[in-house]
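The values are calculated or read from the model by the stated rules, or taken from the named source; none is laboratory data. These figures come from a predicted structure and were not determined experimentally. Using ideal geometry, Cβ is built from the backbone for each residue, glycine included, and neighbour counts are taken over all protein chains shown. Keep in mind that these areas ignore ligands, DNA and RNA; they rest on the heavy atoms of the full protein, side chains included. Shrake-Rupley method; radii C 1.70, N 1.55, O 1.52, S 1.80 Å.
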Amino acid sequence: MTDHLPPTPPRPPLPWQQGDAPAAASSPAAPQPPAAQPDPAPQQEVPQQGAPQPGPAAAPRQAGLDPEAERLRQAVGRVRTEVGKAVVGQDGAVSGLLIALLARGHVLIEGVPGVAKTLMVRAFSRALGLDTKRVQFTPDLMPGDVSGSLVYDARSGEFEFREGPVFTHVLLADEINRTPPKTQSALLEAMEERQVSADGVSRALPEPFLVAATQNPIEQEGTYTLPEAQLDRFLLKLRVDVPGRDAEVDVLRRHAAGFSPRELSEVAAAVTPDEILEAQRSVDGVDATDDVLAYIVDLARATRQAASVQVGASPRAATALLAAAKAWAWLSGYPAVTPDHVQAMLTPVWRHRIQLRPDAEIEGVSVDSVLTSVVRQTAVPR
C-alpha cells in the first residue's frame, strides 16, 4: 500500500494540505492513522500503513510553535504544493521526504517501475531550490563513480581529487539494489558522516544533504540485497504504489495538455537553503518528555521479544524513531512529541530494520504486521 499523509487537525487545511486521502478527525489531536483495531489507549487507533495520518489522540493539543518556527513550517509546507504540480497521488511519499530532510536523514523508496519515484525526487529537489544529481546504479558501477576518485594531472604532475555525484544536496540513487555491495558501501560514509575520505583527506558534503534511493520490489534477477548496515542508514523506507483511479486520470489529463516530466519548468523553489537549515535547527528544539522517551524504548524492546522476530529494533533505530517523530510533530505544528507522533512514524522508520525469523517468513508474516501488533500491545503513557 502507498504511504499517505492527510491534513493535520485541528487547523483549517492549508493549500498544500488539500487533496490528501482520509479526512481529518474532528477532535483536536496529534496526527494518528485510522485503523480497524483499537490501541490499548482509549479511543486510539494504531498505524496500519506506516505513514503519519490523523485520528483521535489521548493527549490534548499543546500550544503551537513560536512565530518564527511557524513561518518556517508554512514555507516548508509549500514544497508539497510545488511538487504536486508535477506528481499526482503521492502526497504521503512527498511528506516522507520532507520528514527525512528535516530530521537530517535519508529515504529508501520502494515501488514498481512507473509510479513517479524518480520524478518525485527531481521535483522535490527543484521545489527546495537545491542542486540534485542522479546516479543509475548498475552491476559495473565502481565506488569511485559515486564518491569521486584521485586522478593524475599530467600538467602538474600531481594527483587531484575529482568529486563524484555524491557532492550535491539531493542525491538520487536510482535502483540502488542493482549494484554490488562494494559500490553500495561507497555511500555509507557519505550518509552517516556527510563526508567523503580519499587519500587520507576528508571532504565535507554540502548541507543540507539527502540521499533518496529507489528500488524495485518485484524484480529480483540481477539485484543485490542491501547490507543491513546500509539499510540502517536510511531513516525511512517508503512504499509507493500505483495512485488511485482519479489521480491516474489526472496524470493522463496533464500529459494530454502537454506536461513534460523532463522539464519541470512549472515547479518553482518554495524555500531557500538557509530556510531549510533553519527549519532543521527548529526541529531540534522540539521537546520530548521522559514518558515519550520511555515509550520509544518500550516499543523497541517489544520488537526484540516478539516471537516472529530474529533481530529487533536497535538503540540506533530508537533514536531514528525519535528524530522522525520530532520532525513530524514540528510539521504538524506541535512544540513537543506525543505518543501519537511516535506511533505514526514507527512503521516507516522500523520496517527495514527488523529481521523476521525464517519460519515466520515462510508462514507469510510481514514486518508491518509485527510492528502493528507491537504498538497494540505496548502500554501508552498517559
- Say whether the condition of being at pLDDT 95 or above, part of a loop (DSSP other than H, G, I, E, B), buried (at least 23 other Cβ atoms within 10 Å of the Cβ) and not hydroxyl-bearing (Ser, Thr, Tyr) is met by at least one residue in segment 114-137. no
- Segments classed as helices (runs of 4 or more DSSP H), wholly inside segment 204-303, with at least 2 members that are charged (D, E, K, R): 245-256, 273-284
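I need the full set of residues from segment 200-233 which are of a type in the set (D, E, K, R) and touching a strand residue (DSSP E or B) at 6+ places or on another chain (Cβ under 6 Å), in order please.
First, pick out the residues of segment 200-233 that are of a type in the set (D, E, K, R): 203, 207, 219, 221, 228, 232-233.
Scanning segment 200-233 gives a single hit, ARG203.
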- Those residues of segment 250-280 which are in contact with a Pro (Cβ under 9 Å, 6 or more places away or on another chain), open to solvent by less than 60 Å² (accessible area, probe 1.4 Å) and not charged (D, E, K, R), in sequence order: VAL251, PRO273, ILE276, LEU277, GLN280
- Note on the structure: Of the residues in segment 149-180, those that are closer than 23 Å to THR118 by Cβ and not basic (Lys, Arg) number 17
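Within segment 147-159, can one find any residue that is in contact with a Pro (Cβ under 7 Å, 6 or more places away or on another chain) and without any contact (Cβ under 8 Å) to a residue 60 or more places away in the chain? Show your work before the answer.
At the first step, the residues of segment 147-159 found to be in contact with a Pro (Cβ under 7 Å, 6 or more places away or on another chain) are none.
Looking through segment 147-159, none of the residues is in contact with a Pro (Cβ under 7 Å, 6 or more places away or on another chain) and without any contact (Cβ under 8 Å) to a residue 60 or more places away in the chain.
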- Task: Name every residue in segment 168-195 that is without any contact (Cβ under 8 Å) to a residue 60 or more places away in the chain, open to solvent by less than 10 Å² (accessible area, probe 1.4 Å) and among the aliphatic types (A, V, I, L, M), in order of residue number.
- Result: VAL170, LEU171, LEU172, ALA173, LEU187, ALA190
- Residues of segment 323-367 classified as open to solvent by less than 20 Å² (accessible area, probe 1.4 Å) and within 20 Å of ILE99 (Cα to Cα), total: 27
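Would you mind stating whether ARG376 is in contact with an Asp or Glu (Cβ under 7 Å, 6 or more places away or on another chain) and either among the charged types (D, E, K, R) or not in a helix (DSSP H, G or I) (or both)?
Details: in contact with an Asp or Glu (Cβ under 7 Å, 6 or more places away or on another chain): yes; either among the charged types (D, E, K, R) or not in a helix (DSSP H, G or I) (or both): yes.
Yes.
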- Task: Within segment 288-318, count every residue that is more than 19 Å from VAL380 (Cβ to Cβ), polar (S, T, N, Q) and surrounded by 15 or more Cβ atoms within 10 Å (Cβ to Cβ).
- Result: 2
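Pick out the one residue from ASP66, ASP91 that is surrounded by fewer than 24 Cβ atoms within 10 Å (Cβ to Cβ), within 22 Å of VAL283 (Cα to Cα) and either touching a Phe, Trp or Tyr at 6+ places or on another chain (Cβ under 8 Å) or among the acidic types (Asp, Glu) (or both).
Details: ASP91 fails: surrounded by fewer than 24 Cβ atoms within 10 Å (Cβ to Cβ).
Sole residue among the options that is surrounded by fewer than 24 Cβ atoms within 10 Å (Cβ to Cβ), within 22 Å of VAL283 (Cα to Cα) and either touching a Phe, Trp or Tyr at 6+ places or on another chain (Cβ under 8 Å) or among the acidic types (Asp, Glu) (or both): ASP66.
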- Message: Condition first: out of contact with any Asp or Glu (no Cβ under 8 Å at 6 or more places or on another chain), within 26 Å of LEU101 (Cβ to Cβ) and in a strand (DSSP E or B). Can you find one or more residues in segment 173-189 that meet it?
- Response: yes
- Message: Within segment 237-249, does at least one residue satisfy the condition of being over 23 Å from the mean Cα position of the chain (by Cα) and either open to solvent by less than 50 Å² (accessible area, probe 1.4 Å) or closer than 18 Å to ARG104 by Cα (or both)?
- Response: no
- Note on the structure: Of the conditions (1) small (Gly, Ala, Ser); (2) surrounded by fewer than 23 Cβ atoms within 10 Å (Cβ to Cβ); (3) in contact with a Lys or Arg (Cβ under 9 Å, 6 or more places away or on another chain), the single one that GLY200 does not satisfy is (3)
- Can we say GLY89 is within 19 Å of VAL267 (Cα to Cα) and modelled with pLDDT under 90? yes
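Just to be sure, is GLY164 at positive phi and touching a residue at least 12 places away in the same chain (Cβ under 8 Å)?
Values: at positive phi: no; touching a residue at least 12 places away in the same chain (Cβ under 8 Å): yes.
When the stated conditions are applied, GLY164 does not pass them.
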